[in-house]
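The values are calculated or read from the model by the stated rules, or taken from the named source; none is laboratory data. Quantities reported herein were computed from a predicted structural model and do not represent experimental measurements. Ideal geometry is used to build each Cβ from the backbone, glycine not excepted, and the neighbour counts take in all protein chains shown. For the accessible areas, the whole protein counts, side chains as well, though only heavy atoms, and no ligand, DNA or RNA atoms are used. Shrake-Rupley method; radii C 1.70, N 1.55, O 1.52, S 1.80 Å.
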Amino acid sequence: MKKKIAVLTCAWSTHFVKDFLRGMQNAIEGKDIDLYIFNAYNYTEFSGFLNFTGFSIFGIIHYEDFDGIIVMADLINSVRILEKERLRIIKSGKPAITINKKLQGLTCIRVDNYTGLYKMMEHLIIEHGYKDFAYISGRELSTDIAERYKAYRTALYENNIKIDADQVFRIESNDYHCAYHFFEEFIKEGRKLPEVFVCANDLIALALLKVCKENNIAVPDKLKIVGYDDMVYSNCTTPTLATIRSNTEYVGGECVKRIIAGDTDELNLVVKSTPIFRDTCGCKSDGPKGQTSLLLNILDDDNKKEEFNTQMEILGELFTEAADVFTLLTNLESHLALHHSFEGRDFCLFMKSDWNSVLINSSENLPQNLSYGQQVQAICSVQNNKKYLREMIEIRDLVPAKMKTEGSNIFLFLPIFHHSYVHGYYVAKNNLSMIDNHYGYIWARSMGTNIERFRKKNMYKQMSQQYLRLSTRDALSGMLNRAGLEKITKPFFASNKKNGLTTVLFFVDINKMKHINDNYGHLHGDLAVKTVAAAVLEVVPKNWHCIRYGGDEFLVVGNSHNYNGEDYCTKIKERLNAKVAIMHLPYDLSASVGNYLVPANSDLTLEQAVENVDDIMYEQKQAYHKTH
């Protein structure tokens, strides 16, 4: 029976995660085993709020459905989330392994970040005789970074070298750009360089090496540099970068082997890191290796980045330009079915079953919701580069049945959310490109942002329509007001002429309205207006425009599209008489009605046509007054 292993991770440490997954991938090759990788990113919002919503992707895991679980605990820097998942894993009774951070009741395999750096420091002090050191790292508090700094301090202490607090630098993050800007300022300020700069990782070390080249600082003659991680770039630079190999790939393979073998008793396995002595520490290496391959990789990465940016722009445009949900889904599916270099040959974009109603939700902000529900809807499904139907699956199934095939497969899951509201998730089969250069983070977060922008656009559209209704509608009669006549009826009149339709006008005026107001009060006056307006609205076609033209005057504007000469003048009067007959009013309530036709080729404006129909109605009104 096929085995399934769940992997919980956060891929900010791209190189570490990729090496780890490569080791796992090698271990399952040729075996009937699937890896399910649930990847999330925490990030700091512009407000300073640390957002952990992405880790809700772990909530779709039913651990009892898996044969083993691997938690890259050191990368999931939330005690609350780790404790929640630890309890769920233990409850499932399934074997589990944590990486680099011990969780009670679970086996831990740990990369020993201490030994490699300690041996490197011994080499620098004993073999080369260096005494002037500086250390730099980001502010991250992960176990691996802490161990590296501990090894640095211990080596200096044990070799009687004073630890200078002014030579320990903390930058905002352990990334290349942050380090580059720090070293650029460091050199500009003319600060004294140590003999050796020990860097918490290769990215920081490579940034320092670039700044040195730009400022003609000879390495290793004037400055020695040590990194950590043994990234592919480190052996392709000139000079080559001294570093430490953490053997992460071996750890990934070891995890799979232990789960398959059932060897997950509660014990700790430590995999030692290894120092790599090269040019920047003062040793002589064989020179840069793999530069041609690296150059091709760099060119490929540049092309991928350009292609990725284009994909993000197009996806954003699809959400921006779609007028409604149906158009959005159709365009999104059509585009991704043809263009999915990053999404993969086999992938699904799942949204919660109520996603359609969420998109037209008119709330200013969606409430917090970290649940994916019981079912999810595939709004875009591509298998083997072919588009499939938008099927609904149970959340517990995780992927469509047609994506589950024999042999070893890797499924990558990314959450799609905005702030604290989860919309759904993306899953790809045998495609880890989303982990490259944090593409997955950008893609998933952009998708969540695009969804929210589309929802807000709908919300503002609804608000605009509501405002238009309120500003053009007469509250008492329920008809359009004079503003509605200008904004809605005038364009309607113009379109009648353009489309060759005759415009039909009826003008209704309440008889003896002043008598009603003066003798029975304005409440009865209001009742008279509502009663006559109701009679008009009930008689004329629903798509005609009914306007309260004045206090007791009503204008009806229609066209010959649904008018066959009906005597609406009489119909309105008859409907009004029927209403009045059952109202027992202390006064007679009636109305005078006139009608007028404006041919499509007429030069009359709407205002002129209204004057004409008003004159016709007035003739009827005079006839009424003569007899009443």
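Residue-wise test of (1) modelled with pLDDT of 90 or more; (2) not hydrophobic (A, V, I, L, M, F, W, C).
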{"residue": "Leu329", "(1), (2)": "no, no"}
{"residue": "Ser341", "(1), (2)": "no, yes"}
{"residue": "Asp354", "(1), (2)": "no, yes"}
{"residue": "Asn361", "(1), (2)": "no, yes"}
{"residue": "Asp397", "(1), (2)": "yes, yes"}
{"residue": "Thr405", "(1), (2)": "no, yes"}
{"residue": "Tyr421", "(1), (2)": "yes, yes"}
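Checking the condition within 26 Å of Gly448 (Cβ to Cβ), among the polar types (S, T, N, Q), in contact (Cβ under 8 Å) with a residue 12 or more places away in the chain and crowded, with 22+ Cβ neighbours inside 10 Å, which residue from Thr9, Thr98 passes?
Going through Thr9, Thr98 in turn, just one is within 26 Å of Gly448 (Cβ to Cβ), among the polar types (S, T, N, Q), in contact (Cβ under 8 Å) with a residue 12 or more places away in the chain and crowded, with 22+ Cβ neighbours inside 10 Å: Thr9.
How many residues, within the range 107-165, are acidic (Asp, Glu) and not in a helix (DSSP H, G or I)?
Within the range 107-165, residues that are acidic (Asp, Glu) and not in a helix (DSSP H, G or I) number 4.
Part of a helix (DSSP H, G or I), surrounded by fewer than 21 Cβ atoms within 10 Å (Cβ to Cβ) and either out of contact with any strand residue (DSSP E or B) (no Cβ under 7 Å at 6 or more places or on another chain) or on the phi < 0 side of the Ramachandran plot (or both): does that describe Asn437?
The answer is yes for Asn437.
Test of understanding: among Phe52, Phe20, which residue is of a type in the set (A, V, I, L, M, F, W, C) and either farther than 16 Å from Ser433 by Cα or open to solvent by 30 Å² or more (accessible area, probe 1.4 Å) (or both)?
Exactly one of Phe52, Phe20 is of a type in the set (A, V, I, L, M, F, W, C) and either farther than 16 Å from Ser433 by Cα or open to solvent by 30 Å² or more (accessible area, probe 1.4 Å) (or both), namely Phe52.
Given the conditions (1) within 17 Å of Asn42 (Cα to Cα); (2) among the aliphatic types (A, V, I, L, M); (3) open to solvent by less than 40 Å² (accessible area, probe 1.4 Å), which single one is not true for Ile442?
Failing condition for Ile442: (3).
Looking at the range 186-196, is at least one residue buried (at least 18 other Cβ atoms within 10 Å of the Cβ) and within 34 Å of the chain's Cα centre (by Cα)?
no
Among the residues of the range 142-154, is any open to solvent by less than 20 Å² (accessible area, probe 1.4 Å), among the small types (Gly, Ala, Ser) and free of Cβ contacts under 8 Å to residues at least 40 places away in the same chain?
For the range 142-154, residues open to solvent by less than 20 Å² (accessible area, probe 1.4 Å), among the small types (Gly, Ala, Ser) and free of Cβ contacts under 8 Å to residues at least 40 places away in the same chain: present.
Which of the residues that make up the range 591-624 are open to solvent by less than 30 Å² (accessible area, probe 1.4 Å) and either touching a His at 6+ places or on another chain (Cβ under 8 Å) or part of a strand (DSSP E or B) (or both)?
Hits for the range 591-624 are Ala591, Ser592, Val593, Gly594, Val598.
Name the pairs whose Cβ atoms lie under 6 Å apart, with the first residue in the range 187-200 and within 19 Å of Pro275 (Cβ to Cβ), the second open to solvent by less than 10 Å² (accessible area, probe 1.4 Å) and of a type in the set (S, T, N, Q), and 6 or more positions between them or separate chains?
Ala200/Ser137
Please go through the range 235-281 and pick out each residue that is modelled with pLDDT of 90 or more and in a strand (DSSP E or B).
Those that are modelled with pLDDT of 90 or more and in a strand (DSSP E or B): Ala242, Thr243, Ile244, Arg245, Thr274, Pro275, Ile276.
Please identify the pairs in which a residue from the range 109-133 that is at positive phi has its Cβ atom under 6 Å from the Cβ atom of a residue that is modelled with pLDDT of 95 or more, counting only partners at least 6 apart or on another chain.
Pairs found: none.
If I ask for residues that are farther than 19 Å from Val358 by Cα and either of a type in the set (Asp, Glu) or in contact with a Lys or Arg (Cβ under 6 Å, 6 or more places away or on another chain) (or both), which ones from the range 315-332 would you list?
Matches in the range 315-332: Glu317 only.
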